[in-house]
1. Output yes when any residue across the stretch 283-298 is over 20 Å from the mean Cα position of the chain (by Cα), open to solvent by less than 30 Å² (accessible area, probe 1.4 Å), under 18 Å from residue 393 (Cβ atoms) and among the acidic types (Asp, Glu), and no when none is.
2. Quick check: anything in the stretch 206-222 open to solvent by 10 Å² or more (accessible area, probe 1.4 Å), part of a strand (DSSP E or B) and aromatic (Phe, Trp, Tyr)?
3. Residues in the stretch 61-76 that are farther than 17 Å from residue 116 by Cβ and either open to solvent by 70 Å² or more (accessible area, probe 1.4 Å) or within 19 Å of the chain's Cα centre (by Cα) (or both): how many?
4. Applying the selection to the stretch 223-257, what residues are of a type in the set (Gly, Ala, Ser) and assigned to a helix (DSSP H, G or I)?
5. Residue 250 - would you say it is at pLDDT below 90 and either within 28 Å of the chain's Cα centre (by Cα) or open to solvent by 20 Å² or more (accessible area, probe 1.4 Å) (or both)?
6. Can you find, within the stretch 25-58, the residue that is farthest from residue 292 (Cα to Cα) among those that are more than 12 Å from the chain's Cα centre (by Cα) and open to solvent by less than 20 Å² (accessible area, probe 1.4 Å)?
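The values are calculated or read from the model by the stated rules, or taken from the named source; none is laboratory data. The structure presented is a predicted model; accordingly, all values stated were derived computationally and were not measured. Cβ placement follows ideal geometry from the backbone for every residue including glycine, while neighbour counts extend to all protein chains displayed. For the accessible areas, the whole protein counts, side chains as well, though only heavy atoms, and no ligand, DNA or RNA atoms are used. Shrake-Rupley method; radii C 1.70, N 1.55, O 1.52, S 1.80 Å.
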Amino acid sequence: MKLFNSMTQSIEEFKPLHEGEVRMYVCGPTVYNYPHIGNVRPIVVFDTLKRTLQAIGYNVKMVSNYTDVDDKIIKVAKEAGVSEKEITEKFIKAYNEDRLSLHAMMPDAAPKVTETMDAIIAFINLLVEKGNAYVVDGDVYFRVNSVDDYGKLSNQQIEDLMVGARIDENSKKENPLDFTLWKRTEEGIRWQSPWSLGRPGWHTECVVMINDVFKEPIIDIHGGGMDLKFPHHENEVAQSQALFHNSIARYWLHNAMININGEKMSKSLGNVSWAKDVIEKLGADLVRWLMLSVHYRGELNFSDETIETARKELDKVRMPMKQAYIKSQLAGAELSGRDEEAVQRFIAAMNDDLNTPNGYAEIFETVKKLNQALRQREIQWDQVGAQAAALEAMLEILGIRLPKVELSEDDKEVFAQWNAAKAEKDFAAADAKRAILIERGLM
């Protein structure tokens, strides 16, 4: 497998730290609202990556956190007149419902910031003791100048970042780029620390949770949306460099953003689409198909046109598979075998930095072969079975579930009556039976 490493800005051969095992961490949501469609693109992308890694024989441990401490959470809780925990539990549940409805596997571990506080405080304390962080009036800041190559993940020079930084005359920071590790506060959920009663900064939490769950300071893959590359992931790297002299992960992967009708999704534009509404309207298979139709590093546009294109493409796959199941049952034939060469060509495309567009090309080639097999005067069921099974394997890696059709005896009888009516040219009766089959989703 080859992956595009954001740290080196190049395609690299994937070599895990431990043979046969992959340790992957994907930044999860700050849980103060329902997930929008952009929030779930990482779910689909990294679930597909996990499925691909498993298909080529790796044992994958994937971890994704919940940020359940944040100013936005406190604001929403105050407005609703409830505790922060009630807000976070509500939206963690909503996020997991969206994850499962998209056929994504649950993470092997899902740590919460509130459950990792002792480790976070101990981690910050180590940074202070080493001189990589400093305390001002109960707040703790990371000293960016204490590490080399700050900005290397986001490919930015520290001088350029300084030009863009807002410099406050009354700032407590030594350097405007220094970021908060601990925040002294008078409101919301707080913890006692050696510096003040307060709560941690966002950028520290993931570093600590990775160490806490994996029990080692470096993992194979760290992933998330492109919007997290700077400052969040950059600041994670800085802290890990300070304490462990590594960049947390050997491979950094970032998926691009989602646009709505060609425009960036934002509350100000009023074009935010909630994931649960989109999934309910389109169905999980169509949402995943559309999301994976574009390479994960390319921007994805949700529009009526792209949705309709995805629907037509998915129907091209659905229909011959449905026919294969129906015709084989009506003929009393068993589908067996699998076109392994087709599956391996598909996996080869996925191994090339998760190149789903090329994977789709192999799917359509297999669909073509299945259609040809179904159109033969004397159907060779081993050919039909081989192509159908290959498509099932490919779709499984994409997390797309096209349900197998199981005909009841009554279904078979209606098909027999429909065929008999056509043979007798009783078109009214044939249309009536056909309408029944359409209603049952069998045509």
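1. Going through the stretch 283-298, the residues over 20 Å from the mean Cα position of the chain (by Cα) turn out to be none.
No, because not a single residue in the stretch 283-298 is over 20 Å from the mean Cα position of the chain (by Cα), open to solvent by less than 30 Å² (accessible area, probe 1.4 Å), under 18 Å from residue 393 (Cβ atoms) and among the acidic types (Asp, Glu).
2. Of the stretch 206-222, the ones open to solvent by 10 Å² or more (accessible area, probe 1.4 Å) are 211-218.
Those still in the list that are part of a strand (DSSP E or B) too: none.
No, that holds for no residue.
3. Applying the first criterion (farther than 17 Å from residue 116 by Cβ) to the stretch 61-76 yields 61-62, 71-72, 74-76.
Applying the additional criterion that residues be either open to solvent by 70 Å² or more (accessible area, probe 1.4 Å) or within 19 Å of the chain's Cα centre (by Cα) (or both) yields 61-62, 71-72, 75.
Number of matching residues: 5.
4. Just the residues of the stretch 223-257 that are of a type in the set (Gly, Ala, Ser), to begin with: 223-225, 238, 240, 242, 247, 249, 256.
Residues satisfying the conditions are 238, 240, 242.
5. Values: at pLDDT below 90: no; either within 28 Å of the chain's Cα centre (by Cα) or open to solvent by 20 Å² or more (accessible area, probe 1.4 Å) (or both): yes.
Taking the combined requirement at face value, the residue does not satisfy it.
6. Here the answer is 31.
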